[in-house]
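Inspection log for the structure reproduced underneath, given as structure tokens.
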Amino acid sequence: MKFGSQLVLAAASLVLGLASVEIKPVSAAIVNYAFTVNSPTKTGSGLFRFDNSILVDGETRVQSLSFQFAGESTIYTEQNDPNYPDFPIVFLNRFSTGKISFALDYQFDNLANPDSFIRYEIAGEDFTIYSLNDPNFEVTSGIVSYTQIPEPAMLGGVVLVGTVTFMKKKKLIVR
């Protein structure tokens, strides 16, 4: 039996096996997002996760967060928000592009240089750097962009469909 036929039989067995499993609705849904920060003086990227089943008025607390500026070793987490554990939060936001998506409300101090009294703030699509004690400090602004990270089950389905499509094009599947 050719490899392609074996793969099709295995996929069919998997589908039939999954079809016989009782599916129960899931109330909790953990959602993962990646985000990037771009400003004239700082760039960085991070990840955050939240449970969208506990949204209240379109917002909820972040379950986990990690962020790092490019070229720096310090990793900021949800616990670095001065208002933790009530913040950071995730909220539904209408972006300037008209797109509606989840966004962050997160503040954190400069851990790489604590004596600087510099605070960073992510509020939706806005990124701001400001001083807590120096009124002459020049405020810097930037943009935050977000991308939802697909769930592993969805990625598995995409890989399976892609594999079958590829095999059909290569005529590895016997009809």
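Some observations on this one:
- Taken over region 65-74, the criterion of being assigned to a strand (DSSP E or B) and open to solvent by 40 Å² or more (accessible area, probe 1.4 Å) is satisfied by 66, 68.
- Any hit, region 8-30, residues being open to solvent by less than 90 Å² (accessible area, probe 1.4 Å) and modelled with pLDDT of 90 or more: yes
- The one condition in (1) surrounded by fewer than 16 Cβ atoms within 10 Å (Cβ to Cβ); (2) touching a strand residue (DSSP E or B) at 6+ places or on another chain (Cβ under 7 Å); (3) at pLDDT 95 or above that residue 58 fails to fulfil: (3)
- Cβ-Cβ distances below 7 Å connect the following pairs, each with a first residue in region 76-91 that is without any contact (Cβ under 8 Å) to a residue 24 or more places away in the chain and outside any helix (DSSP H, G or I), a second residue that is open to solvent by less than 30 Å² (accessible area, probe 1.4 Å) and not basic (Lys, Arg), and a separation of six or more residues or different chains: 77/65; 84/78.
- Selection status of residue 172, part of a loop (DSSP other than H, G, I, E, B), modelled with pLDDT under 90 and not hydroxyl-bearing (Ser, Thr, Tyr): yes
- Looking at 111, 104, 65, just one residue is within 21 Å of residue 142 (Cβ to Cβ) and either in contact (Cβ under 8 Å) with a residue 60 or more places away in the chain or among the β-branched types (Val, Ile, Thr) (or both), and that residue is 104.
- Residues in region 75-120 that are open to solvent by 30 Å² or more (accessible area, probe 1.4 Å) and of a type in the set (Val, Ile, Thr): 75, 77, 97, 100.
- You will find that of 162, 142, the residue that is farther than 30 Å from residue 96 by Cα and either at pLDDT 95 or above or small (Gly, Ala, Ser) (or both) is 162 and no other.
- Checking each residue in region 69-97 for being more than 15 Å from the chain's Cα centre (by Cα) and of a type in the set (Asp, Glu) picks out 72, 81, 86.
The values are calculated or read from the model by the stated rules, or taken from the named source; none is laboratory data. Because the structure is predicted, anything quoted here is derived from the model rather than measured. As a convention, Cβ positions derive from the backbone with ideal geometry for all residues, glycine included, and neighbour counts pool all protein chains shown. What goes into the accessible areas is simple: the full protein's heavy atoms, side chains included, and nothing from ligands, DNA or RNA. Shrake-Rupley method; radii C 1.70, N 1.55, O 1.52, S 1.80 Å.
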